[in-house]
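Peer 1: This is the structure I have questions about; it appears just below.
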Amino acid sequence: MATDIIMRIAGEGGEGVISTGDFLMQAATRAGMEVVTFKTFPSEIKGGYALSQVRISDNKIYSQGDTFDILVAFNGEAYAINKKELTPGKIMVYDFPGGDFEPQDHNGVHMYPVPMTKIAKMELKAPIAKNMVALGAVSEIFKVPMDSLIQSITDKFIRKGQAVVDKNLEAIEAGARYVRENIKKTDTRVFPSPTPQKDVIIVEGSEAVALGAMVAGCRFFSCYPITPATSIANYMSSMILKANGFVYQAEDEIASIANCLGASFAGVKTMTSTSGPGLDLMSELLGLGSMAELPVVIVNVQRGGPSTRMPTKHYQADLLSTAYNSHGDTPKIILAASNVEENFYLTIDAFNLAERYQMPVFMLSDASLAIRTEAIPVPDISKIKIENRVTYAGKKDEQEKFLRYVNTKSGISPMGIPGTPGASYAATGLEHAEDSGPRTNQETRNMMTEKRWRKLENIEAEYTNIEVDEQQGAEVGIIAWGLTASITKEAIQRLRNKGYKVSAMYPKMVYPVPVNSIEKFASKIKTVIIPEANYQGQFAQLVKAKTNNVNPVKLNIYRGEPFIPKEIEDFTEKYLTKGSS
């Protein structure tokens with residue numbers, strides 16, 4: 001029987017809540033288990049409620065789960081927020097005595113009091129070690145593979161010296177010793193037995209984006225720091241210089257996209273990362289990228305909006321603002337990743353598409369996916385296709401004239417790279433003729449507008465990365481994008497385990513809308529449901545507007561956290577029940 005454990009560590013920002021979850025995740029991965037994390041924390045530098053949830057299984061997992069099996073409460077606020085979910089059969093490890101709260105009785109809940117604060121202050125003389133004491137206690141209670149845990153802690157702190165490693169291991173042992181001497185285990189939950197370690201790497205969402213960019217050949221990165229996209233810049237800074245690339249922190253988002261367009265004009269693959277407010281500032285220059293036909297990748301790590309609103313929280317509400325970001329008729333492509341592994345591969349796809357079609361390409365992530373950690377299979381770089389732009393080879397004779405924007409059948413014309421003989425041209429935001437000279441006559445305007453949009457006429461046939469999971473006889477189908485797609489997969493699994501027939505589609509390209517695929521999918525079922533983490537149902541709006549007679553049912557949340565599988569499962573079940581009655 002499969003083992004599936006969800007542990008939620010909760011407390012105040014600055015208490016080591018997030019790092020405790022990370023150590024458990026790393027230890028589980030080293031022991032050959034499947035792992036998915038979910039983290040949330042406030043926008044304040046220190047303080048406020050923070051949560052790290054680790055789901056561990058010996059089977060494939062898609063989401064953070066519905067709730068927790070084990071709550072590790074560092075303080076009274078963590079208990080107060082989560083106590084409504086302490087139902088019979090669940091477990092709580094909490095800071096007592098010596099903490100700031102004493103819990104009430106919870107019928108059927110296994111309660112394990114551990115004086116985390118007291119041990120850290122009085123025994124170890126290191127209040128900062130409270131989280132390590134908690135980690136040691138949890139490891140002892142639930143039989144976390146200690147060898148794996150010790151290795152993770154050593155790897156994390158060895159650069160600070162062996163003394164720091166030893167102090168943390170001392171705290172781990174103090175927590176474990178307290179449990180051995182004082183706690184009688186009343187539940188039966190234990191971590192899955194270790195299996196041979198898989199050929200995987202432990203990667204965070206933003207790190208996967210940076211790795212994908214490097215594999216794709218990105219050698220120029222410019223951005224302005226903004227939560228929750230800054231971590232991409234941090235990872236890029238540590239990688240790109242080693243590949244003779246260049247990273248530049250601009251004075252604002254306007255300058256960052258301008259820098260990228262300049263580097264692209266010079267022949268270099270470029271990327272920037274931002275979030276909603278930064279994307280707003282980039283609007284005019286993104287129009288220049290489309291008009292001048294310059295390849296550039298923009299990663300939008302969505303957060304709660306509008307305005308500043310919730311900088312560290314999950315949202316899927318930038319789809320419309322990304323699709324319609326710039327004034328005028330502005331061709332662009334938008335991809336959306338549903339998990340950490342897709343953050344890697346879709347970033348590569350974004351570069352390939354930008355190079356092929358010579359236009360801005362967006363990759364949508366979000367605040368939860370950016371800090372979600374997964375163990376993903378080690379990519380086989382030799383099998384990854386990398387595309388480069390079509391370039392002008394140079395003059396063959398004196399009479400030859402370089403036409404940067406020559407009106408080809410595909411709409412794609414060779415780019416001139418500075419330094420190539422005869423390849424000079426004006427990359428202008430003005431309407432222009434084939435030779436790049438400014439023109440405003442009707443004939444030229446019509447010809448060049450149609451040329452730019454002609455590139456995308458066959459995009460759905462040329463970019464076929466869309467996942468369709470159909471069941472014969474299904475009357476209900478779910479179309480989900482972004483992180484919600486990953487959570488939907490678990491909901492689908494549960495519904496089928498109940499005996500329901502339900503189909504699903506997970507588009508990776510959300511703009512231009514894959515109309516043909518969606519219409520074909522919808523033609524086989526009665527009801528299409530689109531779950532989204534936004535109020536308006538933004539992808540549902542696009543689907544309704546772009547397709548013929550597809551009128552999806554919207555399922556929307558906007559609380560700043562992702563769906564849980566049960567929400568999608570229960571909502572869909574109502575329509576499945578209607579169909580069978």
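The values are calculated or read from the model by the stated rules, or taken from the named source; none is laboratory data. Bear in mind that the values here come from a model prediction, so they are computed numbers and not experimental data. Note that each Cβ is placed from the backbone with ideal geometry, even for glycine, and that neighbours are counted across all protein chains shown. For accessibility, only protein heavy atoms count, side chains too; no ligands or nucleic acids. Shrake-Rupley method; radii C 1.70, N 1.55, O 1.52, S 1.80 Å.
Peer 1: Name the GluC sites (Glu not before Pro) in region 1-71 that are in a loop by DSSP and that have at most 13 other C-beta atoms within 10 Å, would you? Don't skip to the end; give the middle numbers.
Peer 2: Working: sites: 12, 15, 34, 44; in loops: 15, 44.
Sites meeting the loop and neighbour criteria: 44.
Peer 1: Given that just one value was derived from the coordinates, which of [x] 90, 66, 43; [y] 72, 61, 58; [z] 103, 49, 47 is Cα extents along the principal axes in Å?
Peer 2: Answer by label: [x].
Peer 1: Could you grab the relative contact order for region 300-398? Cα pairs under 8 Å, six or more apart, rounded to a whole percent. Present the calculation step by step, with values, prior to reporting the outcome.
Peer 2: Values: 114 pairs, mean separation 30.1, N = 99.
So the answer I get is 30 percent.
Peer 1: Return the distance in nm (one decimal) between the two label points of a simple spin-label model at residue 188 and residue 243, each offset 7 Å from Cα along Cα→Cβ.
Peer 2: Simple spin-label model gives 5.0 nm for this pair.
Peer 1: To the nearest 10 degrees, how steeply does helix 162-182 sit against the main Cα axis of the chain, on a 0 to 90 scale?
Peer 2: In the chain, helix 162-182 runs at an angle near 50 degrees to the longest axis.
Peer 1: Follow-up question, since we're still on this one. Can you give the extra length, in nm with one decimal, that the chain gains between residue 382 and residue 266 once fully stretched, where that is 0.36 nm per residue apart less the Cα-Cα distance? Write out the running numbers ahead of the final one.
Peer 2: Working: separation 116, 0.36 × 116 = 41.76 nm, distance 2.73 nm.
Gain on stretching residue 382 to residue 266: 39.0 nm.
Peer 1: Taking the DSSP beta bridges in region 467-581 as the whole, what percent of them are antiparallel, to the nearest 5?
Peer 2: Details: 3 of 14 bridges.
Antiparallel: roughly 20 percent of the beta bridges in region 467-581.
Peer 1: A follow-up question, please. Label residue 566 and residue 320 with points 7 Å out from Cα along Cα→Cβ: what is the distance between them in nm?
Peer 2: Result: 3.1 nm between the two label points.
Peer 1: Something else about it: Along the principal axes of its C-alpha atoms, what lengths does region 51-131 span, in descending order and rounded to whole Å?
Peer 2: 42, 28, 19
Peer 1: Give the shape of region 120-209 as rounded, prolate or oblate, defined through the alpha-carbon gyration tensor: a ≥ b ≥ c are the square roots of its eigenvalues, a/c under 1.5 means rounded, and otherwise the shape is prolate if a/b is larger than b/c and oblate if not. Could you put the intermediate results ahead of the total?
Peer 2: Details: a/c = 2.18, a/b = 1.16, b/c = 1.87.
It is oblate, given that a/c is not under 1.5 and a/b is not larger than b/c.
Peer 1: Can you tell me what share of the DSSP beta bridges in the chain is antiparallel? A percent to the nearest 5 is fine.
Peer 2: Values: 30 of 76 bridges.
Percent antiparallel among DSSP bridges in the chain is about 40.
Peer 1: So, one more: Relative contact order, percent, of the chain when contacts are C-alpha pairs under 8 Å separated by at least 6 residues?
Peer 2: Working: 1251 pairs, mean separation 66.3, N = 581.
Over the chain, the number comes to 11 percent.
Peer 1: Over the chain, what percent of the accessible surface lies on carbon and sulfur atoms, probe 1.4 Å?
Peer 2: Roughly 51 percent, rounded to a whole number.
Peer 1: Order these peptides, 466-477, 360-371, by their mean beta-carbon neighbour count within 10 angstrom, highest first.
Peer 2: Values: 466-477: 16.5, 360-371: 28.2.
Highest to lowest by the protection proxy: 360-371, 466-477.
Peer 1: Length gain on complete extension for the stretch residue 252 to residue 551, per 0.36 nm per residue less the alpha carbon to alpha carbon distance? Walk me through the numbers before you get to the answer.
Peer 2: On the way: separation 299, 0.36 × 299 = 107.64 nm, distance 4.04 nm.
Residue separation times 0.36 nm, minus the Cα-Cα distance, leaves 103.6 nm.
Peer 1: Residue 80 to residue 461: FRET efficiency via 1/(1 + (r/R0)^6), r the Cβ-Cβ distance, R0 60 Å, to the nearest 0.05?
Peer 2: Values: r = 54 Å, r/R0 = 0.90.
Efficiency computed from Cβ-Cβ geometry: 0.65.
Peer 1: While we're on this one: Normalising by the residue count of region 255-321, find the relative contact order in percent from Cα pairs under 8 Å and 6+ residues apart.
Peer 2: Working: 79 pairs, mean separation 20.5, N = 67.
Contact order relative to length: 31 percent.
Peer 1: Provide the FRET efficiency to the nearest 0.05 for the residue 401-residue 43 pair, computing r from the beta carbons and using R0 = 35 Å.
Peer 2: Working: r = 55 Å, r/R0 = 1.58.
With a Förster radius of 35 Å, E is 0.05.
Peer 1: Could you compute how fast region 206-309 diffuses translationally, taking Rh as the Kirkwood radius over C-alpha pairs and applying Stokes-Einstein at 10 °C with viscosity 1.306 mPa s? Give it in µm² per second.
Peer 2: On the way: Rh = 13.4 Å.
Rounded, D is 118 µm²/s.
Peer 1: Would you work out the Kirkwood radius for region 449-519? I mean one over the mean of 1/r across all pairs of different Cα atoms, in Å.
Peer 2: Details: mean 1/r = 0.0737 Å⁻¹.
Kirkwood hydrodynamic radius for region 449-519: 13.6 Å.
Peer 1: Please give the per residue accessible area of region 386-444, computed with a probe of 1.4 Å over protein heavy atoms only, in Å².
Peer 2: Values: 3460 Å² over 59 residues.
Accessible area per residue, region 386-444: 59 Å².
Peer 1: In addition: Hey, any idea what the orientation-averaged projected area of the convex hull of region 313-430's Cα atoms comes to, in nm²?
Peer 2: Details: hull surface 43.1 nm².
Reported value for the Cα convex hull: 10.8 nm².
Peer 1: Which shape class, rounded, prolate or oblate, goes with region 20-167 when its Cα gyration tensor gives a ≥ b ≥ c as root eigenvalues, a/c under 1.5 marks rounded, and past that a/b bigger than b/c marks prolate? Show your work: numbers first, answer last.
Peer 2: Details: a/c = 1.55, a/b = 1.10, b/c = 1.41.
Taking the square roots of the gyration eigenvalues as a ≥ b ≥ c, region 20-167 is oblate.
Peer 1: Oh, and also: What is the helix-to-structure angle for 205-216, meaning the angle in degrees between its Cα long axis and the longest Cα principal axis of the chain, kept from 0 to 90 and rounded to the nearest 10?
Peer 2: Here the helix axis deviates by roughly 40 degrees.
Peer 1: For a protection proxy built on the mean count of beta-carbon atoms within 10 angstrom, sort 404-416, 275-287 highest first, please. Numbers along the way, then the final one.
Peer 2: Details: 404-416: 17.5, 275-287: 20.6.
Listed from highest to lowest mean packing, they are 275-287, 404-416.
Peer 1: Please compare each pair in 313/455; 39/185; 39/242; 198/383 to a cut-off of 24 Å on the Cα-Cα distance and tell me which ones are over it.
Peer 2: On the way: 313/455 36 Å; 39/185 28 Å; 39/242 30 Å; 198/383 20 Å.
The pairs that break the limit, which is 24 Å between Cα atoms, are 313/455; 39/185; 39/242.
Peer 1: Kindly list the residues of region 178-208 that lie in the label zone of residue 151, defined by a backbone N under 14 Å from the point 7 Å along the Cα-to-C-beta vector.
Peer 2: Under cut-off, by backbone N: 194-202.
Peer 1: Between residue 201 and residue 516, what is the spin-label point distance in nm, taking each point 7 Å from the Cα along the Cα→C-beta axis?
Peer 2: It works out to 3.5 nm between the two label points.
Peer 1: List the aspartates and glutamates whose alpha-carbon lies under 20 Å from that of residue 578, not counting same-chain residues fewer than 8 positions away?
Peer 2: Hits, sequence-local ones excluded: 470, 475, 567, 569, 570.
Peer 1: Select from region 512-580 those trypsin sites (Lys or Arg not before Pro) which occupy a DSSP coil region and have at most 15 other Cβ atoms within 10 Å, ordered by residue number. Before the final figure, lay out each step's value.
Peer 2: Numbers: sites: 520, 524, 526, 544, 546, 554, 559, 566, 574, 578; in loops: 524, 526, 559.
Sparse-neighbourhood loop trypsin sites (Lys or Arg not before Pro): 524, 526, 559.
Peer 1: Moving on to the next point. May I ask for the angle, rounded to the nearest 10°, between helix 230-240 and the longest principal axis of the chain, with both axes built from Cα atoms and the value confined to 0 to 90°?
Peer 2: For 230-240 against the chain, the angle is about 70 degrees.
Peer 1: Applying a 10 Å radius around every beta-carbon, put 156-165, 311-320 in order of their mean neighbour count, most first. Working shown, then result.
Peer 2: Working: 156-165: 12.4, 311-320: 23.0.
Packing proxy ranking, top to bottom: 311-320, 156-165.
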